[in-house]
Structures are given as structure tokens and as C-alpha cells.
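Read-outs: derived from the displayed coordinates by stated rules, not from any lab. Since we're looking at a predicted model, the values are computed, not measured. Heads up, the Cβs are rebuilt from the backbone with ideal geometry, glycines too, and the neighbour counts pull from every protein chain shown.
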Amino acid sequence: MKLILAIVSNDDSSSVSSALTKENYSVTRLATTGGFLRAGNTTIIVGTENDKVEKAIEIIGNESKRRTEIVPSTASYDIGRYASFPVEVQVGGATIFVVDVEQFVKL
């Protein structure tokens, strides 16, 4: 058995959860915050059999799209004043961890 932890954008979390549920995966969603952009995201937890991991990863990938956004950069000191310049960054997609499960008990 495997535990899949998928960190996805809040914008994609509903479609990821729905698509996984439609394929009979049990899904738990947690509201989390990323460290880089300090923006909200969702961590999706899925426990599944080893032979169903690749299909779950495929579903998550299909529903988690990368996008480009303009965000303020950190302040820098320029000609006697602090200035913040917008920076283009890639957001979205998914970060996925797959972990072995030693024991699973459902009560």
C-alpha cells in the first residue's frame, strides 16, 4: 500500500479531488500554505494499492495545470529608496510524494 501526498494549487484542488473520487480513490484535502509565494494551496492525501499509484499520479497531473503569474518581488534598495518590482513566476502543477505504508487500519 502507498500514501500519496499531492500539493496542488487551490485553483486546481476541486477538479483534482473530483477526478480522483470519480475513479474510486478515497481523498482527504488539507488547506496548506506554500513557503515560496506564501500563497494558499491544498495538500491532497490518497491511500491506495501499489498498482493504482501511477493512475492516481496521471489524474493529478491532468487536473493540475501550470500557469504564469505576475507577483511582487521582495523589496530591494534602489537609488535611496526601497522598490518592489513585479516578477513572472510559474504557479500551479503539483508536487507529489509517494510513501510506503507499513500498516493500514480503517476503523
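With 0.36 nm allotted per residue and the present C-alpha distance subtracted, the Val98-Glu54 stretch has 14.8 nm of extension available.
Here the label points at Lys2 and Glu23, each 7 Å from Cα along the C-beta direction, are separated by 1.1 nm in the simple model.
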